[in-house]
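Reading through the structure tokens given below for one structure.
The values are calculated or read from the model by the stated rules, or taken from the named source; none is laboratory data. Here the structure is a predicted model, which means the values were calculated and not measured. Cβ placement follows ideal geometry from the backbone for every residue including glycine, while neighbour counts extend to all protein chains displayed. Just so you know, the surface numbers come from the protein's heavy atoms only, side chains and all, with ligands and any DNA or RNA stripped out. Shrake-Rupley method; radii C 1.70, N 1.55, O 1.52, S 1.80 Å.
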Amino acid sequence: MVGSANALAGMREWWPKLQEGADPLDCALGVVQRVEADPNDRSVGLGGLPNEDGVVQLDAACMHGPTHNSGAVACIENILHPSAVARLVMERTDHCLIVGRGAYEFARSHGHPHTELLTEEARRIWMRWKESMSDRDDRLSPPPPAPPPTKGEKHGSLRKEEGPDFTYGTIHCSALSAAGEVSCTTTTSGLSYKIPGRVGDSPIVGAGLYCDMEAGSAGSTGRGEAAILSNGAFACVELMRQGASPLDAGMEVLKRITRQAERAAKWQPGLMGEDGLPAFGVNFYVLGLDGTWAGVTLKGKNKFAVSDVDGGPRHEPLIPLHG
Ligand code: ASP
């Protein structure tokens, strides 16, 4: 199993079941649904930071290697487990992706309860962001002290006036069973304070996740637009199909993303930092069919979660492309 750092607690629970022969998709979904229900993770499900209107909009997808099928929901509101709804889209419809109100109604029709996902603390952080956005509006800047730091990864921002507690974050999990079957899932509240209706990479098969029984599995967190523009997860899997190791595959995609950002910066200068590196973060979690794995990042020191026969569930450092 391999996934983002916040997958570790779920891996501790689900790794033994995977080893006992449980379906890899059941295990991957079990891992992430724990975090969807955790009000303290600001990047996923309940307690996730809302869009600019203060509404929590979730994206999620899953992919099942043995049947090469996928399901996803995007911009779904008031549903605690979007990854479970993604599975319903996969198993109970002929579609791959349902969005917005339709996704909510679909979830409700399958018995998912209406749930308020904006916790009091997330609302407070959002309001603080709103009040700090500009000194050219009628909201006064919030007084100190700052609220406690958020749990969730900081991947960097392109926004010039970065407000407090600006957070990217997501959970991805890829799983490989002893029988050699792969599956994966990614679920998120997406970029905090996003434009309502914005969809990131997480529910996009090929961008935020991809698996193929002939090649392996991969997923991403971080700047979703970069994962979409590079077709990142698909590219990792495709490179493994051609013989690359998980580490080489992930690094190659990060190199592409760097070159793509350099080109795009001609129109959007904020994409590149003064240090000549992309001004944003992207991570890939890559799992080969032989059980080899890698976690890679554009830059910085972050961790990811892994579980294998050698060591069981643990954190490992992400390998940075730009040391
Ligand atoms: N990839 C997610 C998105 O762009 C956010 C993240 O993983 O940090 O919505």
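Pick out the one residue from His81, His68 that is farther than 20 Å from Gly216 by Cβ and away from the ligand (no atom under 14 Å from the Cβ). Just a single option satisfies the conditions, and that option is His81. Taken over region 301-312, the criterion of being open to solvent by 40 Å² or more (accessible area, probe 1.4 Å) and either modelled with pLDDT under 95 or in a loop (DSSP other than H, G, I, E, B) (or both) is satisfied by Lys301, Asn302, Val309, Asp310, Gly311.
Taking the numbered list (1) touching a residue at least 60 places away in the same chain (Cβ under 8 Å); (2) open to solvent by 40 Å² or more (accessible area, probe 1.4 Å) in turn, Leu46 passes all entries but (2).
When the criteria are applied in full, Ala179 meets the requirement of being in contact (Cβ under 8 Å) with a residue 60 or more places away in the chain and either open to solvent by 10 Å² or more (accessible area, probe 1.4 Å) or not in a loop (DSSP other than H, G, I, E, B) (or both). Every test in (1) touching a Lys or Arg at 6+ places or on another chain (Cβ under 7 Å); (2) open to solvent by 30 Å² or more (accessible area, probe 1.4 Å); (3) not in a loop (DSSP other than H, G, I, E, B) is passed by Asp26 save one, and that test is (1).
Scanning region 194-210 for residues that are more than 15 Å from the chain's Cα centre (by Cα) and either crowded, with 24+ Cβ neighbours inside 10 Å or on the phi > 0 side of the Ramachandran plot (or both) yields a single hit, Gly197.
Among residues of region 183-219 being of a type in the set (S, T, N, Q) and within 14 Å of the ligand (Cβ to nearest atom), the one that is farthest from Leu25 (Cα to Cα) is Ser192.
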